[in-house]
Each structure stands twice: as C-alpha cells, then as structure tokens.
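The values are calculated or read from the model by the stated rules, or taken from the named source; none is laboratory data. Computed from a predicted structure; not experimentally measured. Backbone-built Cβ (ideal geometry, glycine too); neighbour counts: all protein chains shown.
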Amino acid sequence: MRAWGVLGWVTTTHFKLRSASMPTSPSDPSKARKSGPRVALLVSYLSNEYEWAITRGVRAVVEAAGGTLLCVAGGALSDPSAERTLRNAAYDLIDATNADALVVVSSVLGQYIGSERTTEWLKRYPQPICSIGHLRGFPSIEIDDADGLGQLIDHLIEYHGHQRIAFIGGPEGNVEATARHAAYAAALEQHGIRYAPELVVTGEFTWQSGAKALRSLLDERQITISTLDAIVAANDYMAFGVMDELTRRRIAVPEQVAVVGFDDMPRASVHQPALTTVKQSLEELGREAARNVLAQLAGQEVESSTALPTELVLRRSCGCTPTDVPGPADEPGSSERPAATERLQPRGGVWSVELVAALVAEANGQENAFERALDPLLQKLLLAGIDLSLVYDLVLFLGQRALRQVGDESVFGVRIEAALQRARVLVSELSLRSELLPEDSVNERIHRFGRALLSRMFGPPGLLSAVLVEHLPGLGMHECLVSETGPALSAGELRVAFGFDAHEVQPKQASYPARELAPPEFVGLSTQSVFVLPAVYADQLLGVALLPVCGHDGSVYETLAEVFGIALKGVEMRRNQ
C-alpha cells in the first residue's frame, strides 16, 4: 500500500503539472461553459463515414445555436449479430433529463426492424424528435431517392446503351432501400426493359455484403459476367465490395462491366477506378435535422417531411470522364494557359515543356511517361503547401498542347486521354494522402496509448487513470470517464471505473444515476459536446465511455471505446481473482 501511495502522489503531481500547462481550448471545461439546448444524436457507429458526415452537420448547427451535442453510438437496433446488439443499451441512457431533443439516423438504426417498429421504439422518448430518413409520425429529413437512382439508371441506358443491369439493394424493410429498389424497377419499365428477379440481390449496405451479393449472382445463380452490362449498388459501400470481388476475379471495371453506387462517400473519388455515384449532401442532412429540432424547441411549426435533392456524379467506373474534376478556365482550343496554372508554372516554363514532351511520348506508345514526369512536380507542390486541385487545370491545358503537336489521329487522342485520366487519379490519391497525414500522427498516438493502457489493465484503477492523463490531453481530450455496468449494480446505475476530470487524476469509484451520464465533478462532460460509446468485450457489455468532442475522425473514438472495453475486462478479472 505504501508503494501505491507514492505512485498515487507522483501521478497526481504529474497531472497537476500537465493541467497547469494545458492550452486554453474550447474543449477545456474550465474555460468554456454552454447553457443552450442539449441535442442527442443517435447513430450506430462513428466509424461509418455516412453517419460521421451527418454528425458533423448536426454538431455545427447545434453549437452555432449555443447548444451542445450528445452523440450516442449504440449500433443498429436488433442487429443479427448478438455482440453488436449489445451496443443498443447505450440508447437507454437518454431521457428528458439529459437531452432536450433528439436527432435519429433512423435509416441506419432501423435497417433490421423496419420503419413501423422503429417508430414504436422511438415513442419511448418524449422530447422533440427529427428523423434522418423517412419515418411516419415524426418530422423527417430525407433525400429524393427515386430521382437520384432514376438518373443513374437513365444514364446507364441512354448514354452507355446498357440493357442487362443487376441491382444490389439494401436490407429488406429499410425505407431508403425500398425506395431505391422501386426506382430501379420503375426506370427499367420506363425504358421498356424487363425486370429480372434473378439480377436482384439483397445486401446490408456494408462493404462485405456487396462482395457477398456479387458472389451470389455469379456463383449461386450462375449469372455469367459476359451477360451483364452494369451492376447498380444501392450505396457506395456495397459498390466498393462489388469492385473488390470483381478485381479478385480479374474482371475489369468498366471494360467488362460497369459498377455504380449511391451516396458519394469521400473515397468514391479516389477509388480505383473512381466510382460513378449519386451525391447526397450528408452534412446538409445533419444540418437540416438539427435546424428542425431547434425549431421544435422554439415552438415553431415544422414540415412533416423535407426531401433534399441529389446530383449524378460521373466517374470512370461506368466508363465516363469524371464530372467532379474542375474543367479548364478557358474555352477548348484556346492558346492561353488557364489562369489557375500560373501559380504552378516555374520560371522559364521548364515543367510545361517537359510535361508536354512526356504526353507526346505517351501518345507515341511510351507507357506511363506522363506519370513519371508529373510525379516529381506533385511532390514539390505538396512540400510547398500548394492546393493540388489547381493541377487539374494544368493537366487539361497540357493535354490540349500535346494534341496539337501529335495531330488528330484517334489513337493518339485515346492514349493521351488515358494518360490524363491516370494523372487525375494520381492527383486525387496524393491529395487524399496529404489530408490524412495529420491523422497518421493521431493513429500513432492512439497506438501508444492503447499499448500503455493494456499493459496496466490488471493493475489498480489508478494506474489506468494515470495512462489516460498521460496520453489523452495530447489528443485534445481534457476529461474522460469510463464507467462500469453489470449485475452488481442496481438498475439505472453506473459506477466510475477510471478516468480523469479537470482536477483529479483518479475520480472516486462511486455509483451514480445512469441518466446523469457523469458525476458532478466531470463538469466538462456535462457542459460540452460529448460522445457516448458502449464499452464491449466479446459478448459482454461492460460499461460506457464518455469522451469530449474534438477534431478527430469518428474511427478514433470507436478505437478508444474498444480499448476501454478490453481494459474493463481486465478490471473485472482482477476483481474476481
């Protein structure tokens, strides 16, 4: 005990020194207080790009109105996986005492139970509610699924001449999946094409289910790829899964079969090949839903249903030239260089001459000459901090120059266009990689934190709290609470397991009402926007974690919750020794 007393003094002193040197920031609870409405956002997983984009939109509007976001990631309701269904318990923490209104991503939460059962489930909450996804009985923000999917099918048929078009839909009972399937059938009928049930497979809106659906088409139903013109997936994740499986089978997209999706997730533009899809503004969905519940709180009348428009985005996976790549600033054929390229052109025009020469060489059969010449320039621009989107204009300008040099023979034009498309992909990949560089540093910090926490998981709770104090402030988190649940606690109670607040390295391990979410001393977690995540280990729900909202990707918080679940298992095993 004496050794632990010394360790406790050292860690507490270390914490106080760190606290004294912490920079003032919005996430520092001692420096910021909010008294506006607290809006609970119910999502399934923060690592889901679809829900994460919605989360950003909701948070922006709520915080701009002086309120705070209480984002609860509790999984899809009645998920077929028993382990994932454990997460649903997190939704039980929300009631009228800790949230003034709710925004619910019902299109995801209710995907396994359908809209009617989702409606019944939501009646447990007396607060104003807005649903993202159509839900009868509640104000809903949705998108025009029929128009978006219809545009996609029309393009495949009218522009590419495709007739045999397979469809991979979402879960049965899901409102969006039903609408997109109906739009697929209606578009075929409009064009006089027979609806073929053997070409329709049900998925789960996941990457894996897309690959599984394709295997069902080709292996179980014995549909040969030569008889298919295109595959339409009801969301981008399933389209990515389809393309992965096609790549595994050495089936080329779009040369042998076109693949298209729906949503326009961030990676759609940098996938190889880039994915043709239907764009919906996910952040705008979140913003509109937040405005809706704030209006309800203010006693204003709101629309029962609001549908946001969609946009067809053409890329390589259907055989098109991307429409989301910035076009040249000048008219085709102009001899003037686009203004945006001026910033990219070094003195003397050396890069321009070399790159045009490389394109001419490519037109004459020298493969990848243009990529080899372009890559050094891109690396220099990255180091200089120049936005690589400006390179799109330069690439188009150089293509026009090269075409004028080689003449009008079609083979030259085809080779130059292929080289330009590869250049666009290269630019997109490098742009994405440069955006992810700061996140690489975050991932390394989390990796070190996880190693340190798990190495002490069988020690006293104070050791675990000390690890949190040592690592989490570096991630911008100045408070953190991990609480236990279980049969030893009465219904509606949680018990502090480990964590730290603005003043203490090791909070008291006392029980408190679950609806309070955190004991009173965790002022920051009560007054700032926070994430609530279940801490699960295998088939056990062991507790819940509260983390302040910082500028990280949603997968960061899900990773931390996984680590906390393992650490709580260590606490349980130590207690039972």
### Task
Please tell me if GLY462 is touching a Ser or Thr at 6+ places or on another chain (Cβ under 8 Å), at pLDDT 80 or above and either over 23 Å from GLU562 (Cβ atoms) or part of a helix (DSSP H, G or I) (or both).
yes
### Task
Being among the basic types (Lys, Arg) and either crowded, with 20+ Cβ neighbours inside 10 Å or at pLDDT 90 or above (or both) narrows it down to one of ARG33, ARG18, ARG59, so name that one.
ARG59
### Task
Under 6 Å between Cβ atoms, at least 6 apart or on separate chains: pull out the pairs that start in region 522-544 with a residue that is modelled with pLDDT under 95 and end on any residue that is of a type in the set (Lys, Arg) and surrounded by fewer than 21 Cβ atoms within 10 Å (Cβ to Cβ).
THR527/ARG33; THR527/LYS34; TYR537/LYS569
### Query
Quick one: what pairs do we get from region 176-192, first residue assigned by TED's automatic domain parsing to the domain that holds ASP236, second of a type in the set (Asp, Glu), C-beta under 7 Å, 6+ apart or different chains?
GLU176/ASP145; ALA179/ASP145; ARG180/ASP145; ALA183/ASP145; ALA187/ASP154
## Note on the structure
Restricting region 499-518 to residues that are surrounded by fewer than 16 Cβ atoms within 10 Å (Cβ to Cβ) and in a loop (DSSP other than H, G, I, E, B), the one modelled with the highest pLDDT turns out to be ALA510
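Yes/no matrix, rows are residues, columns are (1) assigned by TED's automatic domain parsing to the domain that holds SER526; (2) touching a helix residue (DSSP H, G or I) at 6+ places or on another chain (Cβ under 8 Å); (3) surrounded by fewer than 19 Cβ atoms within 10 Å (Cβ to Cβ); (4) not in a loop (DSSP other than H, G, I, E, B):
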{"position": "ARG84", "(1), (2), (3), (4)": "yes, no, yes, yes"}
{"position": "LEU102", "(1), (2), (3), (4)": "yes, yes, no, yes"}
{"position": "GLY150", "(1), (2), (3), (4)": "no, yes, no, yes"}
{"position": "ASP154", "(1), (2), (3), (4)": "no, yes, yes, yes"}
### Task
Can you confirm whether region 543-554 contains a residue that is over 26 Å from ASN98 (Cα atoms) and not in a loop (DSSP other than H, G, I, E, B)?
no
### Message
What are the pairs with Cβ atoms under 8 angstrom where one residue, in region 349-376, is in the same structural domain as ALA419 (by TED's automatic domain parsing) and surrounded by 13 or more Cβ atoms within 10 Å (Cβ to Cβ) and the other, located anywhere, is of a type in the set (S, T, N, Q) and at pLDDT below 85? Sequence gap at least six, or different chains.
### Response
TRP351/GLN345; SER352/GLN345; VAL356/GLN405; VAL360/GLN405; GLU362/ASN368
### Message
Please go through region 509-545 and give me each residue that is under 19 Å from GLY570 (Cα atoms) and charged (D, E, K, R), ordered by number.
### Response
ASP539
### Task
Determine if region 252-268 includes at least one residue that is under 26 Å from LEU188 (Cα atoms), aromatic (Phe, Trp, Tyr) and either surrounded by fewer than 24 Cβ atoms within 10 Å (Cβ to Cβ) or touching a Pro at 6+ places or on another chain (Cβ under 8 Å) (or both).
no
## Note on the structure
Among GLY192, GLY133, the single one that is more than 16 Å from VAL232 (Cβ to Cβ) and surrounded by fewer than 18 Cβ atoms within 10 Å (Cβ to Cβ) is GLY192
### Test: SER106 is of a type in the set (S, T, N, Q), farther than 17 Å from LEU41 by Cβ and either at pLDDT below 95 or under 25 Å from the mean Cα position of the chain (by Cα) (or both)
no
### Message
Take the residues in region 382-440 that are outside any helix (DSSP H, G or I) and among the acidic types (Asp, Glu); name whichever of them is modelled with the lowest pLDDT.
### Response
ASP387
### Task
Exactly one condition in (1) in contact with a helix residue (DSSP H, G or I) (Cβ under 9 Å, 6 or more places away or on another chain); (2) surrounded by fewer than 16 Cβ atoms within 10 Å (Cβ to Cβ) is not met by ASP219; state its number.
(1)
### Query
Would a scan of region 183-194 turn up a residue that is modelled with pLDDT of 95 or more and within 23 Å of the chain's Cα centre (by Cα)?
no
### Query
Which residue out of ILE168, ILE132 is in contact with a Gly (Cβ under 9 Å, 6 or more places away or on another chain) and assigned by TED's automatic domain parsing to the domain that holds SER106?
ILE132
### Message
Tell me the residue from GLU255, GLU204 that is assigned to a loop (DSSP other than H, G, I, E, B), over 30 Å from SER47 (Cα atoms) and at pLDDT below 95, please.
### Response
GLU255
### Message
Just to be sure before I move on: is LEU285 surrounded by 22 or more Cβ atoms within 10 Å (Cβ to Cβ), of a type outside the set (Val, Ile, Thr) and touching a Leu at 6+ places or on another chain (Cβ under 8 Å) in the structure I sent?
### Response
yes
### Task
Pull up region 207-237, narrow it to residues that are part of a loop (DSSP other than H, G, I, E, B) and touching a Leu at 6+ places or on another chain (Cβ under 9 Å), then point me to the one that is nearest to VAL175 (Cα to Cα).
ALA234
